[in-house]
Each structure stands twice: as C-alpha cells, then as structure tokens.
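The values are calculated or read from the model by the stated rules, or taken from the named source; none is laboratory data. This is a predicted model, so every value here is computed, not measured. Neighbour counts are summed over all protein chains in view; Cβ atoms, including those assigned to glycine, are modelled from backbone coordinates with ideal geometry. Each accessible area value is taken on the protein alone, full model and side chains, heavy atoms only, with ligands, DNA and RNA left out. Shrake-Rupley method; radii C 1.70, N 1.55, O 1.52, S 1.80 Å.
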Amino acid sequence: MGSNSAASILDRILDTAADNLRIEKILVQMGLDPNNITYDALFNRLLEIVLANITLANMFAVVGAIFLVATLLMQTIVPLRVANMVGCMFFVAYGALSGNFGAFILYLLLLPVNAIRLRQMLNLIKRARIATEGDTSLEPLKPFMTERRYRRGDKLFKKNDAASEMFLTVTGTFLVKEIGVELPPGRLMGELGFLTPNQRRTATVECIEDGQVMTITYEKLLEIYFQNPQFGYYVLVLTSQRLLENISRLEGIIAQEKTARQTLATDDIA
C-alpha cells in the first residue's frame, strides 16, 4: 500500500514537471504564441525582458556577479580576496536597492570575513619579504595555529614517530632528549618533519615544565604555501635557521665531549 502510494506521488510529480517544461507552455509564459514563432518575435521578446529588468539594483548584481565569477579564474589568494570583496560590495548594494534582505545580510557578513583573511595573507607576504633580511618571527602564523597545553612529563612526540604538525612554544620548557637541549618559549619544534621525505620525527621532545604551545598542521602549511608562493621562502628560511642552530649545538656538544676525553686521557697519563 505504501509503495503504491509513493509510486503514485512520484508519477504525479514527474507528470507535472513534464507538463511545466513543455516548450509550448514555456513560450506562453514568455508571452509568445506557440503557433506563430519566428526568430524576430523571439529576439524582440527577449530584448523586452532584458530592457524591463534594467534597473540600478540589477546592474549592481551583474557587476557583482562578474567579480565573483572572476575569483574562480584566479590562482593566488590576494587578488581573489580583493575581487571577492568588490563583488560582495556590489551585491550588498543590490540587496539594499532591491529589498532582498537575505542577499544584503549574506554579502554584508562575507565582507569582514574576506577582509580578515586578506589581512592575514598580506601579513604573511610581508613577513616572507622581511625573512630575507633575517627576521624570522612566527607572529604571522599564529592566526592559523591552534593552542595546546602540556603538563610535566608529557611527550609531544617521539623519535621516528610520523610527523604531521609543527609546534611553537609559548610558555613552559621542553627538552629535546637526544641532545639534552631545553627549548624555552618562542622556539620552533617539529619543523624538520615538514621537509623530510618520510615525514618522521628526528628526536623526542618532552615537557619538563607545564606550558602551552601553538600548533599548525603540515597540510595547513602546504595550503598557505600554495596560496602564497612567497610564503615558501619564509618557511625555508625558518627551517634553515633552526637546522643551522641544531648543527651548531651538536658541534658544541661534540667539542665538549672531545675536550673531556682529552682531559681524561691526560689525567690517566699523569
């Protein structure tokens, strides 16, 4: 019984749709005579419809649509955001003039969203340029990072673990166990996993004093990189600087161990 009723309703829907989509009915709705259709009559009727809808509100909507469609053809995020904001402004004007409250609110809310994202991207680009002069602050990345807290004894990651995110220490102290180096606030961790082919951790990091870190996934880093190619150089400078610092620490440790062995050998001889 239920299946027969559903089939009957479906048949009625299909019949109604087929009836409404008949060419004759569409022509009648357009104000044309189905029995006397000519190219001139069709062209003139379409022209009348276009001219009847040429209003200031619709002109704003057309210009806004052009800008929004243009965003689909853009490959970088900054011009895309700018074009999107311009398109949104035209649609806000359209909504206000036509009395379309839904369109007005929708595009009015999209304006600050695009403005915030545009500012974040411009900050990243600025930092990418400043990075060439040696300034490797991670402040521009913070809007894209999430907060995480650790207690003493917690391990952030272990050596050879799969790497999927980068860390920035905010408070607390963290220990790189393999080389015995303590990382105070403001230090980067886990950045080498972003560049290694197998994306594995090269050391174990443990929290030795309760603290807070900011994290960003490698997927997000790649997304930002492809949206802003200049950001790639910024990340390269950051990771290169950290790698050189790690090498310098290791050289210092090796030198200390060598000195200690020489001293021990001298004492033994004496």
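Consider region 177-197 and keep the residues that are at pLDDT below 80 and open to solvent by 60 Å² or more (accessible area, probe 1.4 Å). The one that is nearest to Thr239 (Cα to Cα) is Leu195.
Residues are listed down the side, and each one gets a yes or a no for (1) among the acidic types (Asp, Glu); (2) surrounded by 13 or more Cβ atoms within 10 Å (Cβ to Cβ); (3) at pLDDT 90 or above; (4) not in a helix (DSSP H, G or I):
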| site | (1), (2), (3), (4) |
| --- | --- |
| Leu10 | no, no, no, no |
| Ile13 | no, no, no, no |
| Ala41 | no, yes, no, no |
| Leu47 | no, no, no, no |
| Ala65 | no, yes, yes, no |
| Leu80 | no, yes, no, no |
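Being buried (at least 17 other Cβ atoms within 10 Å of the Cβ) and touching a strand residue (DSSP E or B) at 6+ places or on another chain (Cβ under 8 Å) is the filter; apply it to region 210-238 and report the residue that is modelled with the lowest pLDDT. Among residues in region 210-238 that are buried (at least 17 other Cβ atoms within 10 Å of the Cβ) and touching a strand residue (DSSP E or B) at 6+ places or on another chain (Cβ under 8 Å), the one modelled with the lowest pLDDT is Leu238. Looking across region 82-100, the residues that are of a type outside the set (S, T, N, Q), surrounded by 12 or more Cβ atoms within 10 Å (Cβ to Cβ) and farther than 24 Å from Asn123 by Cα come down to Phe90, Phe91, Val92, Ala93, Tyr94, Gly95, Ala96, Leu97. Applying the criterion of being open to solvent by 40 Å² or more (accessible area, probe 1.4 Å) and in contact with a Phe, Trp or Tyr (Cβ under 8 Å, 6 or more places away or on another chain) to the residues of region 107-143, the residue that is modelled with the highest pLDDT is Tyr107. Hey, does region 160-173 have a residue that's open to solvent by 20 Å² or more (accessible area, probe 1.4 Å) and in contact with a Leu (Cβ under 6 Å, 6 or more places away or on another chain)? Taking every residue of region 160-173 in turn, none turns out to be open to solvent by 20 Å² or more (accessible area, probe 1.4 Å) and in contact with a Leu (Cβ under 6 Å, 6 or more places away or on another chain).
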